[in-house]
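The values are calculated or read from the model by the stated rules, or taken from the named source; none is laboratory data. It should be emphasised that the depicted structure is a prediction, and the values quoted were computed from it without experimental measurement. Positions of Cβ are backbone-derived with ideal geometry, glycine not excepted, and every protein chain shown enters the neighbour counts.
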Amino acid sequence: MSETSAMFDAVLEMAAAAKRGNVMRWTEAKTTQHQAEGLAFMNSVLLGVLIENDAVRRGVHPADAWAQLRAGGLADFG
């Protein structure tokens, strides 16, 4: 398994654990052999892909989706 694939798996595990509120599992996934900067970057890439794919699915231009998220702030997010 490549480093990028392993990092992707770790990021997915972190997201699933965070959604469940399982801080212990999130920490375990975060502290695998990966560098924190790499995990943060991979998280950002995945979030960007999800935001833009959701915008396209809803028939919204991705740039408009980013603007809506910025305008709405955290209170309006998911």
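All but one of (1) exposed (fewer than 10 other Cβ atoms within 10 Å of the Cβ); (2) touching a His at 6+ places or on another chain (Cβ under 9 Å) hold for Ser5; which doesn't?
(2)
What helices (runs of 4 or more DSSP H) completely inside the chain contain at least 3 residues that are out of contact with any Ser or Thr (no Cβ under 6 Å at 6 or more places or on another chain) and acidic (Asp, Glu)?
Details: elements: 3-20, 23-30, 36-58, 62-72.
Correct list: 3-20, 36-58.
List, please: which pairs have Cβ atoms under 6 Å, are six or more places apart or on different chains, and start with a residue in region 1-16 that is within 13 Å of Asn43 (Cα to Cα) and modelled with pLDDT of 90 or more and end with one that is of a type in the set (S, T, N, Q) and not in a helix (DSSP H, G or I)?
Ala10/Thr32
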